[in-house]
Each structure stands twice: as C-alpha cells, then as structure tokens.
Amino acid sequence: MNLDLTGKNAFVSGSSKGIGKAVATELARLGANVTLVARTETALMQGLIDLSFSAGAEQRHDYLVADFSNPEKLKAAVERHMLKTNKTYHILVNNTGGPPSGKITTATEDDFVTAFSNHLLCNHLLTMLMVEGMKKDKYGRIINVISTSVKIPLKGLGVSNTIRGAVASWSKTMANELGEFGITVNNILPGATQTERLKELVNAKSEKQKMPTDVVEKEMLAEIPLGRFAKPEEIASAVAFLATPAAAYISGVNIPVDGGRTGSL
C-alpha cells in the first residue's frame, strides 16, 4: 500500500489545534511538506516547531496567518503566500470550526450568511486557487472535514447542520467535475472528538439543561457504540489516508469517523 507523501505539499486549514493540528502532524509523518493555517500566529509558530522535530531532511514546513471571516482577505493572503513560496499544493484540507450551537428557529439571517461564507465560500476559493496546480502536477486531494450532521442532523446545531450539508453537496459536485483530472474530493465526518469544540458543546448543553457536564458527557457516550470520544489523531488518520496514492480511486464520498454513532449507513 502506497502511503508515501514525500514531495507533496499540503495546505491544512485550522491547523493550530485540535483535528487540524493532528491532520498536519500525520501528513508530515507521511512525508508531506505542510503549510499550517490559522488566525493565531503564536499557536502556528509552536505548531511549526512541533513539526520540525520529526521533519525529514527534505521536508519544508511553513505557516500562514489567515482569517476565514473575510474570503477576499483570505484569498489575497493565500495568493501572496503561494507567490512568495512558489508552491503548488497537492493536498488541500478544508477544516473550519463549526458555527455556534443553537436551534434553527432562533438563528438569524446573518448567522447563516456568516457560516456560509466561512465554510463553503472559503472552501471554494481555496480549491480554485490550488486546483490548476493539482492538474499540472497530476496529483490532487481535496479533503473536507465536516460533520456527521450531513447524514443525520444533530440536535441544537441548526446553522451548522444547514451549512455542513451545503458543503457536502458542493464537495460531491466538485468531485464529479474534477474526476477527469484524477483529483479526488472527499468528506470526513467526525463524531464527538476530544477538542475545544466538544467542550464548548458540552458546556452549552450543561448550561441550557442545568445539568453537570459529566452527566452531559455520559449521555453523549451512551449514543456511541464504541463507548468513547474520538481522539483527534484518529480523525487525522482517516484524512491522511485519503491524501495518499493508496486512496486514488476513492472520490465523492462521506466517511463518518464516529465510533458507530450515526444511525445510518
């Protein structure tokens, strides 16, 4: 099985912490040159130091400070970075933090517009910036870290359910159009994972229902057949596999990594 990513360049969004950082680490272990992307430079600098400890002699990692709240500024920042580094990206990991929790009936129009911009529009502009290089080098992997809500909507995540579903449909359409170039587009659907996002959701539910956080966690765990939350590294392993040559014939699919929680195939 060919899992070697030596010589491949990877652009990983949201990679200063959580799932994104774990993905960057795993891609680097497989030989890729990784560009870390997030809003906080201090966290990115630390992430770059962490990657350097295990970097091979030929690997060159870097980072880009970027904010996904403004697509045009994001586009300009990525264009400058690509021009400065003269990089062609072969692997794009779209990974953006989910919208705040809340019922769909309490969501405002601005909530939807902001989430649509942060997720779908930014995913699209990054893809458009990188896809020509993928075609030229005859290697392309676009992997979107979304949510199991694209299969079954999750309670209390009205805006997230809506926007994540839109991203999934965008991804399938993109996979259909880029397939002729050998570029694959897939979605990883994480279940409850030990990240800051999970803590936020647990705390929000705890406050709303006037329940201790440990009780909230027990209720969540009861819905997971494997009986535990995922580690970020376990989500990263699935993302990394899709980025490798071994996954060349997998495209246009949603892959839940949720311990069996999602109640559908």
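Give just the number: which of (1) in contact with a Leu (Cβ under 7 Å, 6 or more places away or on another chain); (2) within 22 Å of residue 1 (Cβ to Cβ); (3) assigned to a helix (DSSP H, G or I) does residue 166 not satisfy? Here residue 166 meets the rest and fails (2). State yes or no: is residue 224 on the phi < 0 side of the Ramachandran plot, β-branched (Val, Ile, Thr), surrounded by fewer than 16 Cβ atoms within 10 Å (Cβ to Cβ) and at pLDDT 95 or above? So residue 224 does not fit the description; no. Just one of (1) closer than 30 Å to residue 205 by Cβ; (2) not in a loop (DSSP other than H, G, I, E, B) fails for residue 69. It is (2). Of the numbered criteria (1) in contact (Cβ under 8 Å) with a residue 40 or more places away in the chain; (2) surrounded by 21 or more Cβ atoms within 10 Å (Cβ to Cβ); (3) hydrophobic (A, V, I, L, M, F, W, C), the one residue 51 fails is (1). State all residues of the stretch 23-58 that are under 16 Å from residue 242 (Cβ atoms) and either in a loop (DSSP other than H, G, I, E, B) or among the basic types (Lys, Arg) (or both); if no residue qualifies, say none. 29, 30, 31, 32, listed by residue number.
Highlighted here would be helices (runs of 4 or more DSSP H) found entirely within the stretch 177-265 that include at least 3 residues which are of a type in the set (Lys, Arg) and within 22 Å of residue 140 (Cα to Cα), but there are none.
Say whether the condition of being among the hydroxyl-bearing types (Ser, Thr, Tyr) and either over 22 Å from the mean Cα position of the chain (by Cα) or over 17 Å from residue 26 (Cβ atoms) (or both) is met by at least one residue in the stretch 237-251. Yes, some residue in the stretch 237-251 is among the hydroxyl-bearing types (Ser, Thr, Tyr) and either over 22 Å from the mean Cα position of the chain (by Cα) or over 17 Å from residue 26 (Cβ atoms) (or both).
Any idea which residue in the stretch 122-159 is surrounded by the most Cβ atoms within 10 Å (Cβ to Cβ), counting only those that are of a type in the set (S, T, N, Q) and assigned to a helix (DSSP H, G or I)? Ranking the candidates gives 123 first. Filtered by the rule that a residue be within 20 Å of residue 69 (Cβ to Cβ) and out of contact with any strand residue (DSSP E or B) (no Cβ under 7 Å at 6 or more places or on another chain), the stretch 1-20 gives 17, 18. Applying the condition of being of a type in the set (A, V, I, L, M, F, W, C) and more than 16 Å from the chain's Cα centre (by Cα) to the stretch 29-38 and asking which residue is surrounded by the fewest Cβ atoms within 10 Å (Cβ to Cβ) yields 30.
When each of 41, 79, 58 is tested for being in contact with a Leu (Cβ under 8 Å, 6 or more places away or on another chain) and surrounded by fewer than 17 Cβ atoms within 10 Å (Cβ to Cβ), the lone residue that passes is 79.
The residues listed here are 235, 255, 188, 183; of these, the one that is over 19 Å from residue 164 (Cβ atoms), hydrophobic (A, V, I, L, M, F, W, C) and modelled with pLDDT of 95 or more is 183. With the condition kept exactly as written, say whether any residue in the stretch 2-15 is assigned to a helix (DSSP H, G or I), of a type in the set (Asp, Glu) and modelled with pLDDT of 95 or more. Looking through the stretch 2-15, none of the residues is assigned to a helix (DSSP H, G or I), of a type in the set (Asp, Glu) and modelled with pLDDT of 95 or more. Among the candidates 163, 142, the residue that is hydrophobic (A, V, I, L, M, F, W, C) and closer than 30 Å to residue 222 by Cβ is uniquely 163.
The values are calculated or read from the model by the stated rules, or taken from the named source; none is laboratory data. Computed from a predicted structure; not experimentally measured. All Cβ positions, even for glycine, are placed from backbone atoms using ideal geometry, and neighbour counts span all protein chains on display.
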